[in-house]
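The values are calculated or read from the model by the stated rules, or taken from the named source; none is laboratory data. Worth saying up front: this structure is predicted, and the values here are computed from it rather than measured. Don't worry about glycine lacking a Cβ; one is built from the backbone with ideal geometry, like all the others, and counts go over all protein chains shown.
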Amino acid sequence: MSGTKMKRFLNMRVLILSLLCLSFILSIKAFAAQGLSTGELVKSSEVIVSGKVENASCHWCKGTVVTRATVKITEVLAGRLDKKDIIVEYEGGKVGDLELKLTDAVSLTKGEEIILFLRTAESKLAGTVFIIEGQAQGKYTIKNGIASKGGFTLDKNQDVVDNNIPVKDLIAKIRPEGS
């Protein structure tokens, strides 16, 4: 290979490598979500509940892994719900050796005390279930009177997200005075 051809070949490899790196950086940026305020989550949710995760099971369905969790309702904070237990479904989980982890996706663990912002949807498995509004942003884990959330990356509006907030303050934002 002549010197000129070798230079072109190396320049082409550097260009391709640069484009791949840029593509990777842009794809990471694309996964970052916009922060949702508690008010935005309230407006987009059909029902908001506090409760405890009773169990969670993962299933292989239509080319993906789906987790179904049973949540025992402690209190309905907004909306109407006449059930004591609900099914919450989300994509991701582990079936056998196959594990599906999604960026900014929610997960529910048996025994967790939580506050969830929910809406109804058709199950990937069967029937109608609840899904968490705003994915990981719509789930608060309750420990020692503090509501915390995580498992997501924000690109915009980080300052509007209520995190590590006393439960009573979060509930006050969900149910403002007079409502």
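Here are a few things to note about the model shown:
- Residue count, the stretch 82-95 (criterion: crowded, with 17+ Cβ neighbours inside 10 Å, within 17 Å of GLY127 (Cα to Cα) and not β-branched (Val, Ile, Thr)): 2
- Against the conditions (1) at pLDDT 95 or above; (2) charged (D, E, K, R); (3) closer than 24 Å to TRP60 by Cβ, GLU113 satisfies every one except (3).
- Single residue of the stretch 129-174 satisfying the filter (at pLDDT 90 or above and of a type in the set (Asp, Glu)) that is nearest to LEU81 (Cα to Cα): GLU133
- Members of the stretch 37-79 that are out of contact with any strand residue (DSSP E or B) (no Cβ under 7 Å at 6 or more places or on another chain) and more than 22 Å from GLY92 (Cβ to Cβ): SER37, THR38, GLY39, GLU40, LYS43
- Residue within the stretch 22-38 that is assigned to a strand (DSSP E or B) and at pLDDT below 85 present: yes
- Given (1) more than 17 Å from ARG175 (Cα to Cα); (2) surrounded by 16 or more Cβ atoms within 10 Å (Cβ to Cβ); (3) in contact (Cβ under 8 Å) with a residue 60 or more places away in the chain, number of the condition ILE115 does not satisfy: (1)
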